[in-house]
1. Return the pairs, sorted by first residue and then second, in which the second residue is small (Gly, Ala, Ser), the first residue lies in region 100-117 and is more than 15 Å from residue 67 (Cβ to Cβ), the beta carbons are less than 7 Å apart, and the residues are 6+ apart or on different chains.
2. Please verify whether residue 87 is surrounded by 10 or more Cβ atoms within 10 Å (Cβ to Cβ), out of contact with any strand residue (DSSP E or B) (no Cβ under 9 Å at 6 or more places or on another chain), at pLDDT 80 or above and part of a helix (DSSP H, G or I), treating the condition exactly as stated.
3. Tally up the residues in region 108-133 that are exposed (fewer than 10 other Cβ atoms within 10 Å of the Cβ) and out of contact with any helix residue (DSSP H, G or I) (no Cβ under 8 Å at 6 or more places or on another chain), please.
4. Checking the structure you have, find out if any residue of region 30-37 is at pLDDT 65 or above and surrounded by fewer than 12 Cβ atoms within 10 Å (Cβ to Cβ).
5. Please work out which residue is farthest from residue 120 (Cα to Cα), limiting yourself to region 53-84 and to residues that are in contact with a Lys or Arg (Cβ under 9 Å, 6 or more places away or on another chain) and part of a helix (DSSP H, G or I).
Amino acid sequence: MRRSIEHNSIVSIVAGAEKYAYVYNMDQTSIYIDMNPTSTITVEFVPPGITGLAQPMDVAVMHSFKAKCRSHYIKHHLSNEFCSTPQERRHLIAQIVAQAWESIDEETIARGFVKAGLIPTGPRTQDGAFIIPEPASE
């Protein structure tokens, strides 16, 4: 990661900062504080506690989704042998993910977006669907 940051910084200094704009998600930001001050990279710190607003699915759904995946995985292996090939493992994991996702309540997902303030607004039909205007003809 550090090599990539330094390489991209050098390229942007030589070729112009506007041409090479990068965004890095650095989970352990404290190790990057000492970056070269002549680089064109500006580190922006994300305040703690922002996950609930920026990632509503992470807060509202992922905990129960992962728990359901674990539960399906354990139930499967209580009565079945472990997979012997990578293809079988991928197929099993895909099935487990699909089953777990199907078991997540739509209301749970909606509540996560409402809690984050990311609720769609606009005109709706009687059954609650959004009214989307027809595109202008050319």
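1. Hits for this filter: 109/60; 111/60; 112/60; 115/52; 115/60; 116/52.
2. Working: surrounded by 10 or more Cβ atoms within 10 Å (Cβ to Cβ): no; out of contact with any strand residue (DSSP E or B) (no Cβ under 9 Å at 6 or more places or on another chain): yes; at pLDDT 80 or above: yes; part of a helix (DSSP H, G or I): yes.
In short, no.
3. Total satisfying the criteria: 12.
4. Residues of region 30-37 at pLDDT 65 or above: none.
Within region 30-37 (the criterion being at pLDDT 65 or above and surrounded by fewer than 12 Cβ atoms within 10 Å (Cβ to Cβ)), the answer is no, since none of the residues qualifies.
5. In the first step, residues of region 53-84 are kept if they are in contact with a Lys or Arg (Cβ under 9 Å, 6 or more places away or on another chain); the result is 53, 56, 59-60, 82-83.
Checking the rest, the ones that are also part of a helix (DSSP H, G or I) come to 53, 56, 59-60.
Values: 53: 15, 56: 14, 59: 19, 60: 17 Å.
Looking at the filtered set, the residue picked out is 59.
The values are calculated or read from the model by the stated rules, or taken from the named source; none is laboratory data. Keep in mind the model is a prediction, meaning the values are calculated, not measured. As a convention, Cβ positions derive from the backbone with ideal geometry for all residues, glycine included, and neighbour counts pool all protein chains shown.
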